[in-house]
Amino acid sequence: MRTDRYKIKMEDISPYPIERSADCQEWEDVSHEELESILDSAPEDKVRTFLGVVRNGSFAALDGYFYRIRPRS
């Protein structure tokens, strides 16, 4: 779980499988380690928004990709 500079916990998406797509048509799995590395380089306010949007079931854009929780099959 990530925390901000004030040690407040952000949304936790680690239990969920994450996918990304450049065009929202073809999705590929992305590891949480890779996503953490991407989030480490993003500004804190963008990370907070990204995690909240993904956790609530919507697409979130970051660095030219859209991310989502993989839908159940």
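Descriptive notes on the structure:
- Scanning the range 44-60 for residues that are open to solvent by 30 Å² or more (accessible area, probe 1.4 Å) and within 25 Å of S73 (Cβ to Cβ) returns V53, R55, N56, G57, S58, F59.
- Verdict on S41 being open to solvent by 60 Å² or more (accessible area, probe 1.4 Å), under 11 Å from the mean Cα position of the chain (by Cα) and of a type in the set (G, A, S): no
- Scan of the range 19-45 for residues that are within 21 Å of K9 (Cα to Cα) and in contact with a helix residue (DSSP H, G or I) (Cβ under 9 Å, 6 or more places away or on another chain), ordered by number: L39, D40, A42
- Yes/no for R2 being open to solvent by 70 Å² or more (accessible area, probe 1.4 Å) and of a type in the set (D, E, K, R): no
- The residues of the range 20-30 that are of a type outside the set (A, V, I, L, M, F, W, C) and closer than 24 Å to D45 by Cβ, listed by number, are R20, S21.
- Single match in D23, D29, D63 (criterion: modelled with pLDDT under 95 and open to solvent by 80 Å² or more (accessible area, probe 1.4 Å)): D63
The values are calculated or read from the model by the stated rules, or taken from the named source; none is laboratory data. Small disclaimer: the values here were computed from a predicted structure and weren't measured. Virtual Cβ from ideal backbone geometry, glycine too; neighbours counted across all protein chains shown. Remember, those area values only see protein heavy atoms, side chains included, never the ligands or the DNA or RNA. Shrake-Rupley method; radii C 1.70, N 1.55, O 1.52, S 1.80 Å.
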